[in-house]
Structures are given as structure tokens and as C-alpha cells.
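Peer 1: Sharing a structure, written as C-alpha cells. Questions coming.
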Amino acid sequence: MKVQARFYEKLKDKVHCFLCPHNCVIEKEGFGKCRVRINEGGDLYVINYGEITSLALDPIEKKPLHYFRPGTFILSAGTFGCNFTCGFCQNYEISQSRPPSESLTKEQLVQIILKTDSNTGIAFTYNEPAIWYEYVYDCARLLKKTDGRYAVVLVTNGYISEEPLKELLPYVDAMNIDLKGFSDDFYKRLCGGRLKPVLRTIETAIQASCHVEITTLLVSGQNDTLAEVERIAGYLGAIDKDIPLHLSRYFPRYKFKSPPTDIGFMREAEKAARKHLNRVLLGNV
Ligand code: SF4
């Protein structure tokens, strides 16, 4: 469903979206980089409001969150679109194109959350929740108002501007934030973004007392060096040695054909990260 977007300003014959750090200036009838926000008649609209492409009850460890309500299950929902263009995307079918979707109002989604047995809350995941902002915000607020015991989780690339993030955080209990690499060059070349806004999101969420776990996908030939792992772990350790870091094994997907990350390297990476952090977990091994 298409609704008016938030976080934009009108320019002369364009609109400026400042929901995420891309700060797109969008021509009439044009889309922003995320391909879900369109300038129609000088106003900005989002086309994926309430559009669900995936809905499943997952173990919370699959998000991955290992230190937030462990052993529980969480209803997990995703839509389509992303503000990154990672060539190694593990969910490119929904992030980089538009598969069929079903519409659910915020009331309908909240009812499903409440009626699903053994469910601890809602995780906005599978594709990037930042560019689903209006729906995520509306559902999170309604859920908290209806029954505050249910958790709201975001699984995100962290590429969101400070103002919308701060407005959403009071309704978010936990986040798993991707820290894909530790250089602007990596973010620019492989994801179409920048590093600094992601670090700012991590720091802002932690300051707001949101439970934060971090995931780094170690991609063969791109960021699979001990120096890179140490840079990431060192940065996190300087904030809090107890921040959980998930080092995830890459498998060839989408545009990337290089072989899966070497298992021996994964073990070495875990050891290197443990010099700085108390909680390091390996994923996909
Ligand atoms: S949310 Fe979309 S349209 Fe807005 S700045 Fe980010 S990529 Fe551009």
C-alpha cells in the first residue's frame, strides 16, 4: 500500500528525503536509491507500507540475538527494498527486487503477533527495516500500547538518519546491527553506503539502552583478514566489552561467486575478536 512518507522536504521541483544518510534528492516521478520512495506531484510516498513478503515464527537466535530472551521464538516480518546494494546480499530476492506481497494493516499485524502461540514479539528483518520506517514505527507503537510485554526487534544495516532513529528507539527493545566492514572504502565499493552513519547508529542505540548485538559477514577476499576483524572488535570493545559480535560465514550468493569463507579462518577470527570482546559467536559454520 502507498502512503505519504515521513522525513522529507519539498524543494523547487524535487523532494529531499532525509530518512537515511543517502539524503536522496528525487525528481518528479522518480524513486530514491531504496526504490520504495517515490516523488509524486512534489510529495514523497512510500510504496511498501504494510506489504509483507515474508512472515515466519523463528527462534530468536536466528536473528541472530543470543543474549536477548534466549530460547524464545519471535514472529519475523519483512517487505521489499533496501538502501544498500551489497553484491553478496544473502536475501537479494526481496532486497533488490519486488516479489509478490500481501497487505496487512498495523492492526492486523499486531493481532497476528498477539495470537501466535509461544511468540515473544515482532522482528522486522529479512530486508532492511529502515526503509520500511512508517509501518515499522506504527506497528511498534501500537504493539507497545496494546501489550508492552511483547518485544520489538530490528535486524538492520544501521543506515538510518539520527532523527528517525531517535524517534523509533523508545519502541525498540533489541537490534542486531550489521557492521559489514570497517572502512569507508568497503562500504562505498560493496554496499553503496558509508561507514560513519552505521557507527553512529550503533552508538545511539547503545546510549538509548537498547539491547544491541552486531553481525559481521566475513566475505572471502573482501574483509576476511584478522586485521579487519580486530579493527571491528577493538571499536566495539572500546564501547563495551560485553557487546555480542556474531562473525558470520559467507556463502556465494547474488553477484558474488568466490568460495565460502575458510573455516580455519573463521576460528582464527573468533580468537582475534576475543582479545577485545567477551562474547564472540560464529554463525553459518
Ligand atoms: S530512505 Fe530511500 S529515498 Fe530516502 S534517503 Fe534513503 S535511499 Fe533515499
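Peer 1: Could you look at the chain and say what percent of its accessible area is carbon and sulfur, using a 1.4 Å probe and all protein chains?
Peer 2: The nonpolar share, carbon plus sulfur, comes to 51 percent.
Peer 1: While we're here: May I ask for the distance between the Cα centers of the range 234-285 and the range 116-154, given as a whole number of Å?
Peer 2: Taking the Cα centre of each part, the range 234-285 and the range 116-154 sit 27 Å apart.
Peer 1: Would you mind telling me which residue in Ala174, Ala140, Ala208 has the biggest mean-square fluctuation in a Gaussian network model of the chain, where springs connect alpha carbons within a distance under 10 angstrom?
Peer 2: Among Ala174, Ala140, Ala208, the largest GNM mean-square fluctuation belongs to Ala208.
Peer 1: Measuring with a 1.4 Å probe in the full set of protein chains, what accessible area per residue, in whole Å², belongs to the chain? Write down the numbers at each step before the final one.
Peer 2: Numbers: 12180 Å² over 285 residues.
Per residue, the chain has 43 Å² of solvent-accessible surface.
Peer 1: Check Thr120: other-chain or 5+ apart residues with amide H under 5 Å from its amide H, H built from backbone geometry?
Peer 2: Phe73, Ile74, Leu75
Peer 1: Thinking of the range 179-285 as a set of Cα atoms, what percent of all their pairs are more than 17 Å apart?
Peer 2: Working: 2919 of 5671 pairs.
Value for the range 179-285 (Cα pairs over 17 Å): 51 percent.
Peer 1: Under 10 °C and 1.306 mPa s, how fast does the range 34-99 diffuse according to Stokes-Einstein, given a Kirkwood radius computed over C-alpha pairs? Answer in µm²/s, whole number. Could you put the intermediate results ahead of the total?
Peer 2: Working: Rh = 13.9 Å.
Translational D for this selection: 114 µm²/s.
Peer 1: Next question, about the same structure. Please tell me the relative contact order of the chain in percent, rounded to the nearest whole number, where contacts are Cα pairs under 8 Å and at least six residues apart. Show your work: numbers first, answer last.
Peer 2: Working: 598 pairs, mean separation 39.8, N = 285.
Once normalised by length, the contact order is 14 percent.
Peer 1: Please state, as a whole number in µm²/s, the translational diffusion coefficient that the Stokes-Einstein equation yields for the range 1-124 at 37 °C and 0.692 mPa s, with Rh defined as the Kirkwood radius across alpha carbon pairs.
Peer 2: On the way: Rh = 16.1 Å.
Reported coefficient: 203 µm²/s.
Peer 1: Which ³J(HN,Hα) values, rounded to whole Hz and listed in residue order, are derived for the range 139-146 from phi using the Karplus coefficients 6.51, -1.76 and 1.60 in 6.51 cos²θ - 1.76 cosθ + 1.60 with θ = phi - 60°, glycine and proline given as x?
Peer 2: Karplus values, whole Hz, x for Gly and Pro: 5, 4, 5, 5, 5, 5, 5, 6.
Peer 1: Now for a different question. Please list the non-local residues whose amide H lies under 5 Å from the amide H of Val212, H modeled 1.01 Å from N, same-chain partners needing a gap of 5 or more.
Peer 2: For Val212, whose amide H was placed from the backbone, the distant partners under 5 Å are Met175.
Peer 1: Rank by packing, highest mean first: peptides 87-96, 249-258, with packing defined as the count of other Cβ atoms within 10 Å averaged across residues. Working shown, then result.
Peer 2: Numbers: 87-96: 19.1, 249-258: 15.5.
In descending order of packing, they fall as 87-96, 249-258.
Peer 1: Just to confirm the number: angle between the C-alpha axis of helix 226-239 and the first principal axis of the chain, 0 to 90 degrees, nearest 10?
Peer 2: Tilt of helix 226-239: around 70 degrees.
Peer 1: Stretch Leu114-Lys62 to full length: gain in nm at 0.36 nm per residue minus the Cα-Cα span?
Peer 2: Numbers: separation 52, 0.36 × 52 = 18.72 nm, distance 2.06 nm.
Stretched out fully, the Leu114 to Lys62 stretch lengthens by 16.7 nm.
Peer 1: I've got another one for you. In 10 Å bins starting at zero, report the fraction of Cα pairs in the chain per bin as a rounded %.
Peer 2: In order of increasing distance, the bins hold 7, 29, 37, 22, 6, 0 percent.
Peer 1: In the P(r) worked out for the range 3-46, what percent of Cα pairs fall beyond 11 Å?
Peer 2: Details: 515 of 946 pairs.
Tail of the P(r) past 11 Å holds 54 percent of the pairs.
Peer 1: Rounded to the nearest 0.05, what FRET efficiency is calculated for Lys145 and Arg279 with R0 set to 45 Å and r the Cβ-Cβ distance?
Peer 2: Numbers: r = 33 Å, r/R0 = 0.73.
That pair, Lys145 with Arg279, gives E of 0.85.
Peer 1: Moving on to the next point. Kirkwood Rh over Cα pairs of the range 88-135 into Stokes-Einstein at 25 °C, 0.890 mPa s: D in µm²/s? Before the final figure, lay out each step's value.
Peer 2: Numbers: Rh = 12.7 Å.
In µm²/s, the coefficient rounds to 193.
The values are calculated or read from the model by the stated rules, or taken from the named source; none is laboratory data. Remember, predicted model here, so these are calculated numbers, not experimental data. Cβ atoms come from the backbone with ideal geometry, glycine included; neighbour counts cover every protein chain shown. All accessible areas refer to the heavy atoms of the entire protein, side chains included, with ligands and DNA or RNA removed. Shrake-Rupley method; radii C 1.70, N 1.55, O 1.52, S 1.80 Å.
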